[in-house]
1. Order by neighbour count: H126, H366, fewest other Cβ atoms within 10 Å first, most last.
2. Could you point to the residue in N136, N255, Q114 farthest towards the positive end of the chain's charge dipole, with +1 and -1 charges on the Cβ of Lys/Arg and Asp/Glu respectively?
3. What 222 nm value per residue comes from the helices of the chain, counting each DSSP H run with n ≥ 4 as -39,500 (n - 2.57) and dividing by all residues, nearest 500 deg cm²/dmol?
4. Rounding to the nearest 20 debye, state how big the charge dipole of segment 1-119 is about its Cα centre with +1 on each Lys and Arg Cβ and -1 on each Asp and Glu Cβ.
5. Suppose every K and R has +1 on its Cβ and every D and E has -1 on its Cβ; what is the size of the dipole of segment 62-162 about the Cα centre, in Debye to the nearest 20?
6. Once Rh for segment 110-165 is found with the Kirkwood sum over Cα pairs, what is the Stokes-Einstein diffusion coefficient at 20 °C and 1.002 mPa s, in µm²/s?
7. Which net charge results for the neighbourhood of T6, defined as the other residues with beta-carbon distances under 14 angstrom from its beta-carbon, given Lys and Arg at +1 and Asp and Glu at -1?
8. Which value, in debye to the nearest 20, describes the size of the charge dipole of the chain about its Cα centre when Lys and Arg Cβ atoms bear +1, Asp and Glu Cβ atoms bear -1, and nothing else is charged?
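Bear in mind these aren't lab numbers, they're just calculated from the coordinates by the rules spelled out. Source: prediction; values computed, not measured. Note that we place each Cβ from the backbone using ideal geometry, even for glycine, and neighbour counts take in every protein chain shown.
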Amino acid sequence: MTKIGTPEDPVRVAIIGAGPSGFYAAEHILKGEDVHAQVDLFDRLPTPFGLVRGGVAPDHPKIKSVIRVYEKTAAREGFRFFGNVKIGHDIEVEDLERLYHAIVFTVGCETDRQLGIPGEDLPGSHAATAFVGWYNAHPDYANDEFDLSCERAVVIGNGNVAMDVARMLALTDHELRQTDTADHAIELLDAKEIREIVVLGRRGPAQAAFTNPEIRELGEMEDADVIVDPAELELDPASAAYLESENADKTTRVNVETLRGFSERKPEGKQQRIILRFLASSVEIKGDGKVEKIVIGRNELVEEGGSLRARDTGEREELECGLVLRSVGYTGIPIEGVPFDEKRGLILNDGGRVLDSHDSGHKVGHYTAGWIKRGPSGVIGTNKKDALETVQHLLADIESQTLLKPENPDPAAVEALLAGRGIRYVSFEDWQAIDQAEVGRGEPHGRPRVKFVRVDEMLQTLGERVSG
């Protein structure tokens, strides 16, 4: 029997999830000179690139340029893309175990964390994940509805996603029409009556999770003043001492400096206001059949176990609003047949090796990378190092031949299986045709692309291409 990973018997790897982690894992596997590998990258959508396509704000085209790196990976020998194939529906994990020597799960964290407060589920209260997906033309959110007829919206959270949704609510029609924002979102955002967007952070300005460019951009908008009360920037002793110490990171220092700059600005009388507040937590959302008010609790920072924690002071304030967007983090969704850590919302793993249980060893041939491995943290590039750690474990297991023993590792076997089940999968060449069609739709309007919003539209475009 030949050794797996040789030219005669290449290691066959299935990667589930075609976001940044999936592409970085594929790159690390395929560029190795000592191991001969074939990688099949699966995604439930016909479109690759995950949150780079469906999560990055439309007015951030430079961030999306990382796609060119992933296209180079897709051009490598041994790479195939199987879009429009859902694991656990179209094909099972057990099927993959019969076809591949290793499986890497890079599915990300697909749903939002709950606030756990009364009124959270009232109409008009939405997860930021839904709003982001809606304006980014993600098929899962094509039919979602957002009432933007109110005068005040509240965004809960202090990370980059919270900054994105606040900014998207305040962009002018002129700004939006230079982007690939979904057409349905442009129309509704242009007709909005929102004039004030309040962003609530439960801790202080020195603990905010947004990055420097995200906060700086708020001050550069065409028709929105950024308001920060100087009193909101009064730091507690521990935060002040941290900022003055050598341990303070540059991001935190620049964030606080930028916020201080906002607090010293005089409003220019623009049509909209973005108000940034700190030490403020949502306690309850009130309304008769829809969001009408939010109850805000005032916090103080206390040192506990070497870190600063937000503690409720008992002080309350009610603020009228008609829209609440909750941006307090993402969590993973279990996959049938894959051990899951319910408490953390992640695949159970040790450095990327999937574990059978908390107190047992590696589930042979099963790996994970990205958010579903470590949690929703870091920027896009963070996933490259994270994927490398996982792939190094995989390569070590190839060397020791500690892999799955598939019944039929022939590359044609998965195509035959999908064909037998009537699954219309989308290859990378098919995706490139969809891509060209979207770009073509945008050209007459001076836009980078006009996205297809529904899967059937994408498949219909491919049908026309094939029949033509």
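1. With the fewest neighbours first, H126, H366 line up as H126, H366.
2. N255
3. The helix contribution divided over the chain gives -9500 deg cm²/dmol.
4. About 480 debye.
5. That gives segment 62-162 a dipole magnitude of about 740 debye.
6. In µm²/s, the coefficient rounds to 173.
7. Once positives and negatives cancel, what remains is -3.
8. 540
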